[in-house]
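Report on one structure; see the data block that follows.
The values are calculated or read from the model by the stated rules, or taken from the named source; none is laboratory data. Computed from a prediction, not measured in an experiment: that's the story for all the values here. Every residue, glycine as well, gets a Cβ built from its backbone with ideal geometry; the counts of neighbours run over all protein chains shown. Just so you know, the surface numbers come from the protein's heavy atoms only, side chains and all, with ligands and any DNA or RNA stripped out. Shrake-Rupley method; radii C 1.70, N 1.55, O 1.52, S 1.80 Å.
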Amino acid sequence: GRLEAVTQQMGYHPQYLDSFLKTQHYLMHMDGPLPFDCRHYIAIMAAARHQCRYLVNLHVLQFLRAGGDPQWLRGLEFIPPKLRNLNEINKILAHRPWLITKEHIEKLLKISEWSWSLAELVHAVVLLAHCHALASFVFGCGCEQDEGLGGRGSLKPLSLGNQCFCEATAGNSCSQELLRINRKRSLDSCMELDSLRERMQRIHVETEGRDEMRLLQQDREEGEVQGAEVGVQGGTEHCPDPSAGLSPFADTDGEVTGATNLACYMQDPDFGYQDFARRDEDQTQVFRVQDYSWEDHGFSLVNRLYSDIGHLLDEKFRMVDGLQSSAMAKRQGCEPSVFKRGIWNYIHCMFGIRYDDYDYAEVNQLLERMLKVYIKTVTCYPEKTNSEMFDRFWKQFKHSEKVHVNLLILEARMQAELLYALQAITQYMI
């Protein structure tokens, strides 16, 4: 998993990075309910909701290395119905998780031949929440902007000198076993890359040939030659060119370029975040942590259905809570724990999650307006984050402090999505 830009940023907090990498590796590469190619395709679907080219590019390449069918990369219309049925819960979790109900869960678990098992669904939900939250971090720390001019990212071939995706933590607390596994994975990837490029180039040529034949047939049927301007019929609503999502392909300079049409991987692109406070009163009630919490409910459920992931997630939540932030809090004139709790509870509040024992008037006292605007943007619509916003909102913070706040956003958002999804699963089971 080539996450160099992400690990370089998280490397300012090496203990957290170690915990993050263990979770990422477990989700994507260790034993679990879902096949490996499906895991990466679900990650593509999740990242596409926020137009996060950095993560889509990463998982397109990993999907192919896991033996995934290249035809799936043409868009949602070309994947099995079972995976496509995940689109609705992906959309809701990414933007308005409070709308998740037990009916959504029941629909996925009871669709005859395309039904999900509870274990598979929990794995998928954790993947979706993980990638949505990671997209916030990617945009918040500027990793997406680093992908290249015009937002078109590229993945360069791995080299022997770049053996571990967590090299930013060399000499720190990164697990030696994880280092060994990923050194081997990167070496294997070096040998796979040439055959991968050759395979994708061959598929690209074949696809172009089929498309050309379709165009010629269409021209004959219509009685006129429309040349390259002819639209290919039968494509998806948001992906008119059936080969547009078929990436990556080898460029002339030897790079492997990532997905070029993210719209292929999602439906209803206009569905986005809406302020929870402005919802229709009959839609949903405020989520009270006293009634359903991660510690008392979510942890045990997810750990029972997807072995050990609960421990890894819990370690990650605890790790971000334990990060030192004395300088950052001092700038705001308060205790570190008070400042971090203000940020965490503000993020949860935007998703309709409330703590009965917290005075929300503290949020306005602790967080200046520009900081709140930045946190809300990165949390709710990260794709709107840009470098100007980053510079403007963070003049008084050191870079490590900026990263720390983005880690709080990542974990608070992920926990919020998990709470809603796991509560819905619990209600279904009851």
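Taking the residues in the range 353-374 that are assigned to a loop (DSSP other than H, G, I, E, B) and not aromatic (F, W, Y) as candidates, determine which candidate is surrounded by the fewest Cβ atoms within 10 Å (Cβ to Cβ). Break it down into steps so the answer makes sense when it comes.
Start the filter on the range 353-374 by keeping residues that are assigned to a loop (DSSP other than H, G, I, E, B), which leaves 355-360, 367-368.
Subset that is not aromatic (F, W, Y): 356-357, 359, 367-368.
Values: D356: 8, D357: 6, D359: 9, L367: 18, E368: 13.
Step by step, filter the range 353-374, then rank; the result is D357.
State all residues of the range 25-53 that are of a type in the set (F, W, Y) and buried (at least 24 other Cβ atoms within 10 Å of the Cβ); if no residue qualifies, say none.
Initially, the range 25-53 is screened for residues of a type in the set (F, W, Y), giving 26, 36, 41.
The answer is Y41, and nothing else.
Identify the residue in the range 274-314 that is under 21 Å from the mean Cα position of the chain (by Cα), within 30 Å of Y16 (Cα to Cα) and open to solvent by 60 Å² or more (accessible area, probe 1.4 Å) and, among all such residues, is modelled with the lowest pLDDT.
D308
Is it fair to say R341 is modelled with pLDDT under 90 and either part of a helix (DSSP H, G or I) or among the acidic types (D, E) (or both)?
Values: modelled with pLDDT under 90: no; either part of a helix (DSSP H, G or I) or among the acidic types (D, E) (or both): yes.
Here the answer is no, as R341 does not meet what is asked.
Among the residues of the range 9-55, what is the count of those that are assigned to a loop (DSSP other than H, G, I, E, B) and charged (D, E, K, R)? Working first, answer last.
Residues of the range 9-55 that are assigned to a loop (DSSP other than H, G, I, E, B), as a first pass: 11-13, 30-35, 49-52.
Then keep just the ones that are charged (D, E, K, R); that gives 31, 49.
Result for the range 9-55: 2.
Does A135 qualify as being over 25 Å from F390 (Cα atoms), modelled with pLDDT of 95 or more and of a type outside the set (S, T, N, Q)?
Details: over 25 Å from F390 (Cα atoms): no; modelled with pLDDT of 95 or more: yes; of a type outside the set (S, T, N, Q): yes.
When the stated conditions are applied, A135 does not pass them.
Has the range 61-72 got at least one residue that is over 21 Å from M28 (Cβ atoms) and not charged (D, E, K, R)? Write out each step before concluding.
Of the residues in the range 61-72, the ones over 21 Å from M28 (Cβ atoms) are 71.
Within this subset, residues satisfying the condition of being not charged (D, E, K, R) are 71.
Yes, because at least one residue in the range 61-72 is over 21 Å from M28 (Cβ atoms) and not charged (D, E, K, R).
Which of the residues spanning the range 75-134 are in a loop (DSSP other than H, G, I, E, B), without any contact (Cβ under 8 Å) to a residue 40 or more places away in the chain and not aromatic (F, W, Y)? So that I can check it myself, show each step before the final result.
To start, the set of residues in the range 75-134 that are in a loop (DSSP other than H, G, I, E, B) comprises 75, 79-80, 85-86, 96, 100-101, 110-111, 115-117.
With without any contact (Cβ under 8 Å) to a residue 40 or more places away in the chain added as a condition, the list becomes 79-80, 85, 110-111, 115-116.
Scanning the range 75-134 gives I79, P80, N85, K110, I111, S115.
Have a look at K91, K107, K82 and point out the one that is open to solvent by 10 Å² or more (accessible area, probe 1.4 Å) and out of contact with any helix residue (DSSP H, G or I) (no Cβ under 9 Å at 6 or more places or on another chain). Please lay out each step first, then the result.
Numbers: K107 fails: out of contact with any helix residue (DSSP H, G or I) (no Cβ under 9 Å at 6 or more places or on another chain); K82 fails: out of contact with any helix residue (DSSP H, G or I) (no Cβ under 9 Å at 6 or more places or on another chain).
Testing whether each residue is open to solvent by 10 Å² or more (accessible area, probe 1.4 Å) and out of contact with any helix residue (DSSP H, G or I) (no Cβ under 9 Å at 6 or more places or on another chain) leaves just K91.
Could you check how many residues of the range 375-404 are touching a residue at least 40 places away in the same chain (Cβ under 8 Å), outside any helix (DSSP H, G or I) and not basic (K, R)?
Of all residues in the range 375-404, those touching a residue at least 40 places away in the same chain (Cβ under 8 Å) come to 378-383, 385-387, 390, 396-404.
So of that shortlist, the ones also outside any helix (DSSP H, G or I) come out as 381, 385-386, 396-398.
Then keep just the ones that are not basic (K, R); that gives 381, 385-386, 396-397.
Counting residues in the range 375-404 that are touching a residue at least 40 places away in the same chain (Cβ under 8 Å), outside any helix (DSSP H, G or I) and not basic (K, R) gives 5.
On the given criteria, is N345 open to solvent by 20 Å² or more (accessible area, probe 1.4 Å) and either on the phi < 0 side of the Ramachandran plot or touching a Lys or Arg at 6+ places or on another chain (Cβ under 8 Å) (or both)?
On the way: open to solvent by 20 Å² or more (accessible area, probe 1.4 Å): no; either on the phi < 0 side of the Ramachandran plot or touching a Lys or Arg at 6+ places or on another chain (Cβ under 8 Å) (or both): yes.
No: the conditions fail for N345.
For residues that are among the small types (G, A, S) and in a helix (DSSP H, G or I), tally how many sit in the range 304-338. Outline the logic, then answer.
So the first thing to find is which residues in the range 304-338 are among the small types (G, A, S), and the list is 307, 310, 322, 325-327, 329, 333, 337.
From what is left, the residues that are in a helix (DSSP H, G or I) are 310, 322, 326-327, 329, 337.
Residues meeting the conditions: 6.
Looking at the range 373-398, which of its residues are within 23 Å of the chain's Cα centre (by Cα) and under 17 Å from S325 (Cβ atoms)?
If the condition is that a residue be within 23 Å of the chain's Cα centre (by Cα) and under 17 Å from S325 (Cβ atoms), then Y374, I375 are the ones that fit.
If M350 passes every condition in (1) surrounded by fewer than 18 Cβ atoms within 10 Å (Cβ to Cβ); (2) touching a residue at least 40 places away in the same chain (Cβ under 8 Å) but one, which one does it miss?
(1)
Go through the residues of the range 409-422 one by one and say whether even a single one is open to solvent by less than 60 Å² (accessible area, probe 1.4 Å) and not in a helix (DSSP H, G or I). First the steps, then the outcome.
Step one: list which residues in the range 409-422 are open to solvent by less than 60 Å² (accessible area, probe 1.4 Å), which gives 409-422.
Subset that is not in a helix (DSSP H, G or I): none.
No, that holds for no residue.
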